[in-house]
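Heads up: the structure comes next, in structure tokens.
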Amino acid sequence: MRLWVGNCNPRILLVTFSISITTTKLWDSNYSEYQEYLYNRICEYKDKSVTPIGYRKISQIFNKEGLKTPLGNVFKNNHVHSIYKKGKRLRKFKRSYLRLQKPLRIQTIISQSLE
């Protein structure tokens, strides 16, 4: 498109555009592979069992297996609870998404020459 018509009749081309972004990467998991492993094991006992097992019993199972907390300590029920709650919160935010959408508009403005 020509922006100049004749000698001094400028045209101004105004372009606005739309951007649409959809993402599920609002919250990135800061869990290590070991923490993911522990979370999945806890979920098996809490969510997938016919009779859910309590945090204290899960900590006893982990200690019998020789597993340690991510900081290298012996498991207690509060450690199991913390890993479980944090994992649930991270999963909830991973399913969230953001959608941003703006309209598209292209407009040509022709200025009138002064006579």
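Taking Lys64 as the residue in question, decide whether it is charged (D, E, K, R) and at pLDDT 65 or above.
When the stated conditions are applied, Lys64 passes them.
Could you grab me the full set of residues in the stretch 69-84 that are loosely packed, with under 15 Cβ neighbours inside 10 Å, in a loop (DSSP other than H, G, I, E, B) and not aliphatic (A, V, I, L, M)?
Pro70, Gly72, Asn73
Is it the case, given these coordinates, that Ile109 is aliphatic (A, V, I, L, M) and modelled with pLDDT under 80?
For Ile109, the condition - aliphatic (A, V, I, L, M) and modelled with pLDDT under 80 - is met.
The values are calculated or read from the model by the stated rules, or taken from the named source; none is laboratory data. Note that this is a predicted model, so its numbers are computed, not measured. Here Cβ is always computed from backbone atoms with ideal geometry, including for glycine, and neighbour counts include all displayed protein chains.
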